[in-house]
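Visitor: The structure that follows is given in the form of structure tokens.
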Amino acid sequence: MNKVTQAYLRFPLARRIEHWVMMLSFTVLGFTGLPQRFPDAGLSKAILGALGGIEGVRSIHHIAAIVMMFGTAWHILVMGYSVFVLRDKMSMLPTLQDAKDAIQALLYNIGLAKTYPQMGRYTFEEKMEYWAFVWGAAIMGLTGFMMWNPITATRYLPGEFIPAAKAAHGNEALLAVLAIIIWHMYGVHLKRFNKAMFTGKITEEEMLHEHPLELADIKAGIADRRPDAATLRKRKMIYYPIAAFLTLGMLAGIFGFINAEETALTTITPITESTPQDSGTTP
């Protein structure tokens, strides 16, 4: 007889949809952004040609950026509900224990420690990825605004900030893409294929290997405790007006980001035909 494997819900459907929306928008941003960062590469020229030239690529890039902005706004609202209404632990915040776990994992991998660290809901690696994404999104959003609206930006900042923003935007994009390909793809899909973002569930064996402290809390009945209905209603009455105010503010910010001006910084130097000099003339 086949042994039935116990499975635990890790990500509900809404969180999985959020992840896939952000993943797809990130992929499109990378696919359309790197050809602008390296326009002379053969692959970049092929992508630019297939997508209707630089204007087509930039339009797609901007649409993907807008999708990511909406995804980020949604994530903020969901996290607010989770923390304020449900009183979920802020388990994604880094702690001193994460540093200790990282050191122990390193020592274990090089043979100087006998055991791998025991971790809870999120491992130190997952936290590092999450906060790297937050940092990257902040940098890309700020520099993206400056490139999308250079005239508006230079009303408040020196003009030298615009080329600096262009350099930072491109370099951060390259770093982010490499981090996803090298770190995330290996850790989530190659070292041990994690199906949680496909099925929403994780097996007990995987929990025991990757999140043993969370598994212990689940078995002890102290994980994911929810408030009673009356408490939930009271907290929702407080949170929903705040969320509505935040939503309006974030929508106004996205609208301003998109429509501050119709100018966008040129990402590729236009190709112009050179005019031959008459021989014997001084330039």
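Visitor: List pairs: first in the range 204-231 and basic (Lys, Arg), second at pLDDT 90 or above, Cβ under 9 Å, 6+ apart or cross-chain?
Guide: What qualifies is ARG225/ARG87; ARG226/LEU86; ARG226/ARG87; ARG226/LEU232.
Visitor: Exactly one of (1) touching a Pro at 6+ places or on another chain (Cβ under 9 Å); (2) of a type in the set (A, V, I, L, M, F, W, C); (3) over 24 Å from ARG16 (Cβ atoms) is unmet by MET128. Its number?
Guide: So the condition that MET128 fails would be (3).
Visitor: Against the definition (touching a Ser or Thr at 6+ places or on another chain (Cβ under 8 Å) and either surrounded by fewer than 17 Cβ atoms within 10 Å (Cβ to Cβ) or acidic (Asp, Glu) (or both)), how does TYR108 come out, yes or no? Give the derivation first.
Guide: Details: touching a Ser or Thr at 6+ places or on another chain (Cβ under 8 Å): yes; either surrounded by fewer than 17 Cβ atoms within 10 Å (Cβ to Cβ) or acidic (Asp, Glu) (or both): yes.
Yes, satisfied.
Visitor: Right, something else. From the list THR282, THR247, THR275, THR266, pick out the single residue that is surrounded by 13 or more Cβ atoms within 10 Å (Cβ to Cβ), outside the structural domain of ALA132 (by TED's automatic domain parsing) and modelled with pLDDT under 90. Steps first, please.
Guide: On the way: THR282 fails: surrounded by 13 or more Cβ atoms within 10 Å (Cβ to Cβ); THR247 fails: modelled with pLDDT under 90; THR275 fails: surrounded by 13 or more Cβ atoms within 10 Å (Cβ to Cβ).
Matching residue, one of THR282, THR247, THR275, THR266: THR266.
Visitor: Right, another one. Hey, can you tell me all the residues within the range 1-48 that are surrounded by fewer than 17 Cβ atoms within 10 Å (Cβ to Cβ), touching a Gly at 6+ places or on another chain (Cβ under 8 Å) and not in a helix (DSSP H, G or I)?
Guide: LEU9, PRO12
Visitor: Right, another one. Under 23 Å from TRP131 (Cβ atoms), in a helix (DSSP H, G or I), within 25 Å of the chain's Cα centre (by Cα) and aliphatic (A, V, I, L, M): does that describe ILE180? Please lay out each step first, then the result.
Guide: Numbers: under 23 Å from TRP131 (Cβ atoms): yes; in a helix (DSSP H, G or I): yes; within 25 Å of the chain's Cα centre (by Cα): yes; aliphatic (A, V, I, L, M): yes.
Against the criterion (under 23 Å from TRP131 (Cβ atoms), in a helix (DSSP H, G or I), within 25 Å of the chain's Cα centre (by Cα) and aliphatic (A, V, I, L, M)), ILE180 qualifies.
Visitor: Sort through ARG58, ARG121 and tell me the only one that's basic (Lys, Arg), over 21 Å from ALA179 (Cβ atoms) and in the same structural domain as GLU172 (by TED's automatic domain parsing).
Guide: Being basic (Lys, Arg), over 21 Å from ALA179 (Cβ atoms) and in the same structural domain as GLU172 (by TED's automatic domain parsing) holds for just one of ARG58, ARG121, which is ARG121.
The values are calculated or read from the model by the stated rules, or taken from the named source; none is laboratory data. These numbers come from a predicted model, not from an experiment. We place every Cβ from the backbone using ideal geometry, glycine too, and count neighbours over all the protein chains shown.
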